[in-house]
Amino acid sequence: MERLVKNIKVIDKNSPYHGQKVDLLVSGGKIVGINTESKAEVFDGTDLCVSPGWTDGGTHFKDPGYEWLDDLNSIHEAAAYGGFTRVIGFPNTTPVIQTKEAITYFEHFNRTKPVQLLNLAAVTRGCKGEDFTDMIDLHKGGAVGFSDGKEAIQNSDIFLKTLLYLQPLNAVLVVKSEDKYLSMYGQMHEGVTSTLLGMKGIPSAGEELMIMRNLKLLEYSGVQSSLPVLHFSTISTKGSVELIREAKAKGLPVSCDIAAHHLVFKDEDLMGFDTHYKVYPPFRSTEDIEGLLEGLKDGTIDMVISDHNSWDAEHKTLEFDVAEFGAVGLQTVFSVCVEKLGLDLAMEKLVYNPRNIFRLPTSSIKEGEEADLTIFSVEEEYECSEDYLKSKGKNTPFLGKVLKGRAKAVVNNRQFKSL
């Protein structure tokens, strides 16, 4: 792989070339020259930007176990077209990611791919919240963090001991926040709209109570670190943002993320009973969206993730109350971030913070560094059509909408993939 990327704008706060237009020579998996002459194949970077490779901090892998919904190849393609060079998957596959052999399955796939599929390993066996996995073994085997994925850890003793077990490993615990008894049978955000539609609501209190409990247990544990040891995944309410803001002000080692689609859609969008809008956590109120945006801008919310969750028509084209929760999102995250946050803040949420939280290698755009890059357009528009989506699932509330901002190439692992 050797390419000369000509006349491209560098977006990297850690690079001496930040904000400049350069000619970037990539060869042998490294940036070997900037503004140097070469006979390498040319990639025209006019009107494009380049940054360190983006990381998605939360995707629902369906392979192994449900490959007809999404396999490793379709996830890889969706992630590449979304501009990501790393994707971190929840462990709720079949079998669950709870052995070194399960992680090896992904490592074999990654060997020749520009997008690396990384794993959160399960905290408890089968993600059932009962018996611990061998977290030390899994950490040595390549897990970048630990989680029970879509299953919130309901048992306080399990949660507390997990924090203590992970402290010497310098690993992060990623948790969903849900009191399952308050949320049971819920279909959408509890509010005026759910009442009008006659649907069982999912109260904000169910999320916020679990965050309150987990923060209290983190404080009680006495665990300290310069890096986050507890990460709240896909928070969705203004109250959750306020709780985590207060925890950070106390110095607790916490971080959090939101799913990109929660910045765009609200509970009122479900008036048509379109199951593309059925996600978990549910779309909340306008006030909650404003709270999420404020949290992103003041640094309370560290990441924006895809929460990519692929389903076929048999699971989505049904009556609303029996359809599955979830939407595909890998290819729309960047467009949402640029529109709602601007480019500089989008880079914080997609590049720098994810690598910090998951203890991933850092890279910068300078001579001699690893070529781990995303090349993208801020201005190019596209229609989010079924043909555009590379995932096997086409379930997204963005379907048919025109978005702006898309990836044009990813460079990583000695591969240069033009899109």
At most 16 other Cβ atoms within 10 Å and a DSSP loop assignment: could you name the trypsin sites (Lys or Arg not before Pro) in region 389-419 that fit? Lys401, Arg414
How big is the antiparallel share of DSSP beta bridges in the chain, given as a percent to the nearest 5? 45 percent
At a Cα cut-off below 24 Å, give the lysines reachable from Lys39, other chains included and same-chain residues fewer than 8 away excluded. Lys6, Lys9, Lys21, Lys30, Lys366, Lys408, Lys417
Percent of alpha-carbon pairs separated by more than 42 Å within the chain: 10 percent
Quick one: what are the phi-derived ³J(HN,Hα) couplings along region 345-356, Karplus 6.51/-1.76/1.60 with θ = phi - 60°, whole Hz, x for glycine and proline? 5, 4, 5, 4, 7, 10, 10, 7, 5, x, 5, 5
Quick one: angle between helix 238-250 and the longest Cα principal axis of the chain, in degrees between 0 and 90, rounded to 10, please. 70 degrees
Helix axis angle, 72-81 relative to the chain longest principal axis, alpha carbon, degrees: 70 degrees
Given the alpha-carbon gyration tensor of region 259-375, what are the semi-axes of its equivalent ellipsoid in whole angstrom, ordered largest first, with each equal to the square root of 5 times an eigenvalue? 31, 18, 11
For the chain, accessible area per residue (1.4 Å probe, heavy atoms of protein chains only), Å²: 40 Å²
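Go through Leu173, Leu209 and list them by solvent-accessible area, largest first, probe radius 1.4 Å.
The ordering from most to least exposed comes out as Leu209, Leu173.
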Residue-averaged 222 nm ellipticity for the chain, from DSSP H runs of 4+ at -39500 (n - 2.57), nearest 500: -7500 deg cm²/dmol
What is the percent carbon and sulfur in the accessible area of the chain, measuring with a 1.4 Å probe over the protein chains and ignoring ligands? 48 percent
Long-range Cα-Cα pairs in region 109-237 (distance over 24 Å), rounded percent: 36 percent
Could you list which residues have their amide H under 5 Å from that of Glu369, counting only those 5 or more apart in sequence or on another chain, with H placed in the peptide plane? Ile31
Under unit Cβ charges (Lys, Arg +1; Asp, Glu -1), what dipole magnitude, rounded to 20 debye, does the chain have relative to its Cα centre? 1000 debye
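Under 1.5 on a/c is rounded, so check that first for region 1-92, then, if it is not, pick prolate when a/b is larger than b/c and oblate when it is not; a ≥ b ≥ c are the square roots of the alpha carbon gyration tensor eigenvalues. Walk me through the numbers on the way to the answer.
On the way: a/c = 3.07, a/b = 2.20, b/c = 1.39.
Prolate.
The values are calculated or read from the model by the stated rules, or taken from the named source; none is laboratory data. No experiment lies behind these values; they were computed from the predicted model shown. Reconstructed Cβ throughout: ideal geometry from the backbone, glycine too, with neighbour counts over all protein chains shown. Please note that ligands, DNA and RNA were not included when accessible areas were found on the heavy atoms of the full protein model with its side chains. Shrake-Rupley method; radii C 1.70, N 1.55, O 1.52, S 1.80 Å.
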